[in-house]
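In what follows, a structure is listed as structure tokens, so that the remarks can point back to it.
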Amino acid sequence: MSGKMPCRLVCLLALAGSCSFLLLGKFAMRGRDPLRTGAKLRSRNPDENLSARSVSRSPFSIPMTFEPNVGQADPRVEFVGRGRGLTVFLTQKEIAVQVAKSARSASGSRNAFVKVRLRGGARFSWKGNERLRSESNYFLGNDPRAWRTRVPHFARVQADAAPGVGLAVYGSGDGVEYDLRLAPGAPVADASRLRLAISGASAVHLARDGDLILQSAGTELRMKRPAIYQEWIGPAGAQRKTVDGGYVLEADGSVGFRVGPHDSRSTLVIDPSLSVAYATFLGGTGQDTAASVAVDASGKVYVGGTTTSASTFPEASRTLGPGGGTSEFFVAKIDPTIAGPNSLIYLTFLGGSGAQNGGLIAVNTGGSVAITGTTTSPDFPVTDSSQPTNALSRGIGNDVAVSEIDPTGGTLVFSTLFGGSGTQSKNGPGGIALDSSGDVYIASDTNLTSLDAKSTDLPVTPGAYQTTWDGQESDGFLAIFQPPAQSGGAATLKYCSYLGTNATGEVSIGGVAVDSNTSPPSVYIAGTVGDPTIAVPFTNAFQNSYGGGGSTLF
């Protein structure tokens, strides 16, 4: 290889690979949310005064939150909630709960879908309550009119189920809870007249502990024995008292309630919860893969990766979000100093009708996030005139996507497609980094897809370190993008170079880092080559010969 590179390339002997996100275990939701009502009823002790109390949670615990449907879901859905392996769809007729199949489920079985309705044809008009600081943003598809940004999150959603009967749905450490509240004097004040119609479960039975066990699509859902209590306002303030009771399986297949003696002059609350025995990071029913993690100058934590949690409403023809792809990029911004649902600041999705892979992120000092990976979506959201490469449009390759979102998560600073006629990032995850000026550096590999689909056409810039593909199976590359002066514009490709070895083996790039303390910035790239006859241009090398084995680090 020959030529000069404006940024000093320093080869490191380092393990190259994707970033394993070891903190994922800490994102499991623990504990139960305290009861939340307009009267600030927060205690779980049935017989004590209802004063607020602190609840111990992991700093990264993110309970289920709910967002209104503003076009990101099927029109029948009014609110969507994600959390603890569940996706909850609230419609005018029902609470529809989708549950991801567990690892123990039969191969090929679909996600479970269970619907809960109130017998008697009750219709709900849902309203969000307890607005949270977090928001969702959907940059899905290449039509900005279909993007949905700054979608608010709520801790709970409420509706009137019937005269004198209220229904509230909210997340908890177990999953999702729904409260049936019967006001004094309500036409159905006799709780034994309430019936739940449950569909989508292949088997329903009562466990010895009073829990209701539902089997659906190879998954076991547990609707825990309801907490039943009465509330009133006394001289000491809001109070409650436990009422004995539980579920009753009726002859017609519906689920009723057995309620012990209570004062009919008080509000009666029946509080079931629905849960599964496993959780995901984002919530929802898909597979969430955290590819990288970053921290900004203020200590906020960012997680990037891909998710298949864009879930389908039953009988709907499209998935959650206009993109409809099999997977999407996600970026989650989290405040680790706050517990509970307000620890989530934003959740942003990017993708199109194909599959997104990777989701590597880098964060600058101001909190803007750059994200990269590969896409097979010809309609990936871009802010410039970049088009899918010939290989992608023919369905035999992919492109690299490079995007940047602002500190709020709701604005695309820029988004572009990049690549050659072959397949990008086939051998390794690649990497992304930012320098102090805000330039975005990406490094990965480009590969031979077929005899007529070779990545010989990367947009190499003048002065590149290596101007042409080395003619072998794969090559590495480095590209540098300068963000636009204003958000939503086109980024400038400042630099692009091949990084080949003239070897017959495959090149894999595992990471890139930038040292902005040098002028121009020094770029550090690590990876592997899979051939003992490599021709790496050694300079001041720690090891300048092949050490044996199937591959060598550089």
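Some observations on this one:
- Flag for ALA236 being more than 20 Å from PHE113 (Cβ to Cβ), small (Gly, Ala, Ser) and surrounded by 17 or more Cβ atoms within 10 Å (Cβ to Cβ): no
- Some residue of the stretch 408-417 being assigned to a loop (DSSP other than H, G, I, E, B), free of Cβ contacts under 8 Å to residues at least 60 places away in the same chain and farther than 19 Å from ASP457 by Cα: no
- Positions within the stretch 268-290 being modelled with pLDDT under 90 and either among the hydrophobic types (A, V, I, L, M, F, W, C) or in contact with a Lys or Arg (Cβ under 6 Å, 6 or more places away or on another chain) (or both), in sequence order: SER273, LEU274, SER275, VAL276, ALA277, ALA279, PHE281, LEU282, GLY283, GLY284, ALA290
- Filter result (more than 18 Å from THR461 (Cβ to Cβ) and free of Cβ contacts under 8 Å to residues at least 24 places away in the same chain) within the stretch 483-498: ALA485, GLN486
- Among strands (runs of 3 or more DSSP E) entirely within the stretch 325-386, having at least 2 residues that are charged (D, E, K, R) singles out 328-334.
- Residue in the stretch 381-392 that is modelled with pLDDT under 85 and of a type in the set (Val, Ile, Thr) present: yes
Matching residues to (1) at pLDDT below 85; (2) closer than 24 Å to GLN98 by Cβ; (3) in the same structural domain as TRP232 (by TED's automatic domain parsing); (4) not small (Gly, Ala, Ser):
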site: VAL151; (1), (2), (3), (4): no, yes, yes, yes
site: GLY164; (1), (2), (3), (4): yes, no, yes, no
site: TYR178; (1), (2), (3), (4): no, yes, yes, yes
site: ARG181; (1), (2), (3), (4): no, no, yes, yes
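The values are calculated or read from the model by the stated rules, or taken from the named source; none is laboratory data. Fair warning: this is a prediction, and the values are worked out from it, not measured in the lab. For neighbour counting, all protein chains shown are included, and Cβ atoms are generated from backbone atoms with ideal geometry for every residue, glycine included.
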